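The values are calculated or read from the model by the stated rules, or taken from the named source; none is laboratory data. Computed from a predicted model, the values in this text were never measured in an experiment. Cβ coordinates were reconstructed from backbone atoms using ideal geometry, including for glycine residues, and neighbour counts include every protein chain displayed. Only protein heavy atoms, including side chains, enter the accessible area calculation; ligands, DNA and RNA are left aside. Shrake-Rupley method; radii C 1.70, N 1.55, O 1.52, S 1.80 Å.
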Amino acid sequence: MSWVNTVLDAAERLGAPRAAVLAAAGIEANELERERWPIDHITRLWHAAVRCTQDPSFGLQAGAVVGPASFNVVSYILQSAPTLREAIGSVQQFQRLISDGGRFQLIAGETASWVVYHPRQGVLAFSPHQLEAVLAAVVNFCRWVTGTAATPLRAQFSHAAVGPLTGYRSSLHCPVEFEQAFSGLLLANELLDRPLPQADAQLASVHRQYAQARLAALSTSGNVVEPLRQWIAAQLQGGVPTREQAAQAFGLTPRTLARRLQHESVHFSALVDQARRQLACQAVGQTQRNFTDIAQSLGFAEAAVFHRAFKRWTGRTPGQWRQDALAPKAAH
């Protein structure tokens, strides 16, 4: 749904209200509550947005403003990847968490490599603006993940130009060719293999594990509880996550997430409480960390509140729990 909102937001910036675009696409407003849309729904939305805005550069403009929020949890992996090449590899691996509408291919060359986009359309033919938005988004992604004014060597599309050439050059920052065998960007290998400023192997591993759990859940039963547990545990290291933050990370509305959890007879607050209990028991029983530090790391404002919560969870105080955990070692 992040891509749906990207299209609607771009149309609104160009003077076409969200309600008008949805009506032109023949899509009910309550469809925005769904977790994912069929491919043809997305295609109808693109065609309607172009009609409503009457902007021949609509796709380029929509793709040029794509940011981390458009990639959901995958954005965290991309921002902590060691190189742009590995970040693109992560997009290939977790493409379904972003969109069902296509896949990326990386064709390596001696000095430069092609990033090719293969659309996966449904019954309806893709709008050329969809392809243009994807390539413009890749250029924008390269810029925000590298922190530089990164530019492709060349861009090409399988369709004919639908807007003025100046629009393509200002969005893609490189020479552009049309009616080619495939749609893609040619990137210098030096750019692809340059170390990224925010590379963090440990953080990338945490986010990758969570994304893999989400992908597995999407591919099987659609159960959201287990990947949500993992996400909560990872987020607790920096504070207590909210249901709204979880919904955003999973590409859902808060209402949809609540409905999914209700279907599985689980409350978000209970999952947070369980995660805090597990981490607290591990920290108290397996480390020598100060109890106040543990309390703060799990989002407790005061040590006394943490002590009461720990007693509720385990029936013992943190001191008693640690003493019991260390007793066998001391006896030995």
Could you tell me whether the stretch 237-253 includes any residue that is of a type outside the set (Ser, Thr, Tyr), open to solvent by 40 Å² or more (accessible area, probe 1.4 Å), free of Cβ contacts under 8 Å to residues at least 60 places away in the same chain and assigned to a loop (DSSP other than H, G, I, E, B)?
yes
Report, by residue number, each residue of the stretch 87-103 that is farther than 18 Å from residue 68 by Cα and of a type in the set (Phe, Trp, Tyr).
none
Select the helices (runs of 4 or more DSSP H) contained entirely in the stretch 258-332, then report the ones holding at least 2 residues which are surrounded by 14 or more Cβ atoms within 10 Å (Cβ to Cβ) and aromatic (Phe, Trp, Tyr).
303-314
Pairs, please: C-beta under 7 Å, at least 6 apart or cross-chain, first residue in contact (Cβ under 8 Å) with a residue 40 or more places away in the chain and in the stretch 150-163, second polar (S, T, N, Q) and part of a loop (DSSP other than H, G, I, E, B)?
163/57
Which one is nearest to residue 133 (Cα to Cα) among residues in the stretch 32-54 that are open to solvent by 60 Å² or more (accessible area, probe 1.4 Å) and at pLDDT 90 or above?
47
Do any strands (runs of 3 or more DSSP E) lying entirely in the stretch 69-188 carry at least 2 residues that are open to solvent by 50 Å² or more (accessible area, probe 1.4 Å) and under 25 Å from residue 48 (Cα atoms), and which ones are they?
112-119
Which listed residue is free of Cβ contacts under 8 Å to residues at least 40 places away in the same chain, surrounded by 14 or more Cβ atoms within 10 Å (Cβ to Cβ) and not basic (Lys, Arg), from 29, 24, 11:
24
